[in-house]
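> Encoded as structure tokens, here's the structure I'll be asking about.
The values are calculated or read from the model by the stated rules, or taken from the named source; none is laboratory data. Every value quoted in this text rests on a predicted model; they were computed, and no experiment measured them. With ideal geometry, Cβ positions are generated from the backbone for all residues, glycine too; neighbour counts draw on all protein chains shown.
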Amino acid sequence: MAGQDSDGLKTDDGRMTLIGHLTELRNRLGIAVAAFLVLFLLSVAPLPGTTSNSISYQVFVFLQAPLAEILQEKGGGRMIFTALHEGFFTQIKVGFFTALCITFPIISMQLWKFIAPGLYKNERKAFLPFLIATPVLFLLGAAMVYYIVTPLAWEFFVSFEMLGDGNALPIELEPRISEYLSLMMRLIFAFGLAFELPVILLLLARAGLVTHQGLAEKRKIAIVVSFVAAAVLTPPDVISQLLLAIPIIVLYEISIIGARWISTPEENELKKN
């Protein structure tokens with residue numbers, strides 16, 4: 001049996017021991033957590049020359065811009081908070097959200113540095129495109145929420161405002177900042193994760209756990225699941241539900257094509273026989 005070095009992290013033949021792997025994982029996670037904490041504190045701290053303006057405040061202004069534009073076109077509006085602590089905790093949530101988004105590439109890189117040494121060169125080349133595609137697809141999903149889904153959904157909801165007359169009081173929208181932020185972040189994460197579907201399915205296909213034939217046979221089930229997920233994750237309006245369900249279905253079809261393309265030579269030979 002090969003011996004170990006003095007610190008017990010590697011054997012005599014240079015391979016890392018279990019303790020060595022756990023230590024490496026701890027160090028990688030420590031770097032990711034430290035980066036998140038630093039970015040969180042920077043995002044909630046006041047900007048130089050101001051007393052209350054911060055990065056998290058600027059991010060919140062950015063997130064509420066789709067609603068602000070619609071309300072301004074209708075003559076103006078406002079957002080409210082009904083609890084003393086609500087404004088403070090909303091800024092904390094935005095800071096957490098901001099730090100998590102910025103830290104995501106750092107977390108991915110640390111995980112890659114932990115996994116990559118245990119892979120063969122051809123496996124690293126095969127896995128790297130998936131690592132690059134993950135944040136790109138998430139950003140595409142988030143961009144779709146911000147620039148397409150929310151403007152249409154907010155326009156629909158704001159349309160239920162009513163002017164008062166002699167017999168009825170006016171009905172005006174005054175959204176709470178915490179509720180609006182929770183809904184916006186839920187939509188961003190829902191669409192971002194939904195757009196990761198090709199990465200997940202193609203990784204499973206690469207590992208041989210699914211095939212393009214199996215995915216094609218379960219197409220009807222996937223369509224039903226897509227609409228169910230859209231109904232649960234989006235506001236209760238048909239527009240936003242369709243805008244989530246349809247991309248999921250399209251991405252599922254793309255995954256079938258990709259799974260067929262990356263099928264192994266052994267699988268292709270079996271199909272011919």
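> Within the bounds of the range 69-79, is there any residue that is surrounded by 16 or more Cβ atoms within 10 Å (Cβ to Cβ), in contact with a Leu (Cβ under 6 Å, 6 or more places away or on another chain), at pLDDT below 90 and assigned to a loop (DSSP other than H, G, I, E, B)?
Initial filter on the range 69-79 (surrounded by 16 or more Cβ atoms within 10 Å (Cβ to Cβ)): 70-71, 77, 79.
Filter once more, keeping what is in contact with a Leu (Cβ under 6 Å, 6 or more places away or on another chain): 77.
Subset that is at pLDDT below 90: 77.
From the residues that got through so far, the ones that are assigned to a loop (DSSP other than H, G, I, E, B) too are 77.
Yes, some residue in the range 69-79 is surrounded by 16 or more Cβ atoms within 10 Å (Cβ to Cβ), in contact with a Leu (Cβ under 6 Å, 6 or more places away or on another chain), at pLDDT below 90 and assigned to a loop (DSSP other than H, G, I, E, B).
> Out of everything in the range 146-174 that is farther than 17 Å from residue 63 by Cα and not hydrophobic (A, V, I, L, M, F, W, C), what residue ends up being modelled with the lowest pLDDT?
Only one residue fits best here, namely 166.
> Here's something else I'd like to know. Which condition from (1) farther than 30 Å from residue 122 by Cα; (2) modelled with pLDDT of 90 or more; (3) within 16 Å of the chain's Cα centre (by Cα) is the one that residue 246 breaks?
If we test residue 246 against (1) farther than 30 Å from residue 122 by Cα; (2) modelled with pLDDT of 90 or more; (3) within 16 Å of the chain's Cα centre (by Cα), just (3) comes out false.
> Can I ask one more? Applying the selection to the range 183-215, what residues are over 20 Å from the mean Cα position of the chain (by Cα) and either in the same structural domain as residue 158 (by TED's automatic domain parsing) or exposed (fewer than 15 other Cβ atoms within 10 Å of the Cβ) (or both)?
Passing the criteria: 207, 208, 209, 213, 214.
> Within the range 170-179, can one find any residue that is in the same structural domain as residue 56 (by TED's automatic domain parsing) and either hydroxyl-bearing (Ser, Thr, Tyr) or in contact with a Pro (Cβ under 7 Å, 6 or more places away or on another chain) (or both)?
Scanning the range 170-179, I find at least one residue that is in the same structural domain as residue 56 (by TED's automatic domain parsing) and either hydroxyl-bearing (Ser, Thr, Tyr) or in contact with a Pro (Cβ under 7 Å, 6 or more places away or on another chain) (or both), so the answer is yes.
> Can you tell which of 179, 174 is surrounded by fewer than 16 Cβ atoms within 10 Å (Cβ to Cβ) and in contact with a strand residue (DSSP E or B) (Cβ under 7 Å, 6 or more places away or on another chain)? Steps first, please.
Numbers: 179 fails: in contact with a strand residue (DSSP E or B) (Cβ under 7 Å, 6 or more places away or on another chain).
174 is the lone residue from the list that is surrounded by fewer than 16 Cβ atoms within 10 Å (Cβ to Cβ) and in contact with a strand residue (DSSP E or B) (Cβ under 7 Å, 6 or more places away or on another chain).
> Is it true that residue 29 is touching a residue at least 40 places away in the same chain (Cβ under 8 Å) and surrounded by fewer than 15 Cβ atoms within 10 Å (Cβ to Cβ)?
Values: touching a residue at least 40 places away in the same chain (Cβ under 8 Å): yes; surrounded by fewer than 15 Cβ atoms within 10 Å (Cβ to Cβ): yes.
Answer is yes for this residue.
> Would you mind stating whether residue 156 is without any contact (Cβ under 8 Å) to a residue 24 or more places away in the chain, surrounded by fewer than 20 Cβ atoms within 10 Å (Cβ to Cβ) and not basic (Lys, Arg)?
Values: without any contact (Cβ under 8 Å) to a residue 24 or more places away in the chain: no; surrounded by fewer than 20 Cβ atoms within 10 Å (Cβ to Cβ): yes; not basic (Lys, Arg): yes.
Judged against the criteria, residue 156 is not a match.
> Still on this structure, I have one more. Pairs under 6 Å by beta carbon, first residue within 14 Å of residue 60 (Cβ to Cβ) in the range 78-93, partner assigned to a helix (DSSP H, G or I) and of a type in the set (Val, Ile, Thr), six or more apart or different chains?
Sorted first by the residue in the range 78-93, then by its partner, the pairs are 79/177; 81/177; 90/177.
> Out of all the residues in the range 97-114, is one or more among the charged types (D, E, K, R), modelled with pLDDT under 90, part of a helix (DSSP H, G or I) and out of contact with any Lys or Arg (no Cβ under 9 Å at 6 or more places or on another chain)?
Initial filter on the range 97-114 (among the charged types (D, E, K, R)): 113.
If we keep only those that are modelled with pLDDT under 90 too, we end up with 113.
After this cut, where a residue has to be part of a helix (DSSP H, G or I) as well, the list is 113.
Retained after the next criterion (residues that are out of contact with any Lys or Arg (no Cβ under 9 Å at 6 or more places or on another chain)): none.
No, every residue in the range 97-114 fails to be among the charged types (D, E, K, R), modelled with pLDDT under 90, part of a helix (DSSP H, G or I) and out of contact with any Lys or Arg (no Cβ under 9 Å at 6 or more places or on another chain).
> Between a first residue in the range 43-64 that is farther than 15 Å from residue 93 by Cβ and in a strand (DSSP E or B) and a second residue that is among the small types (Gly, Ala, Ser) and at pLDDT below 90, which pairs have beta carbons less than 8 Å apart while being 6 or more apart in sequence or on different chains?
46/52; 46/54
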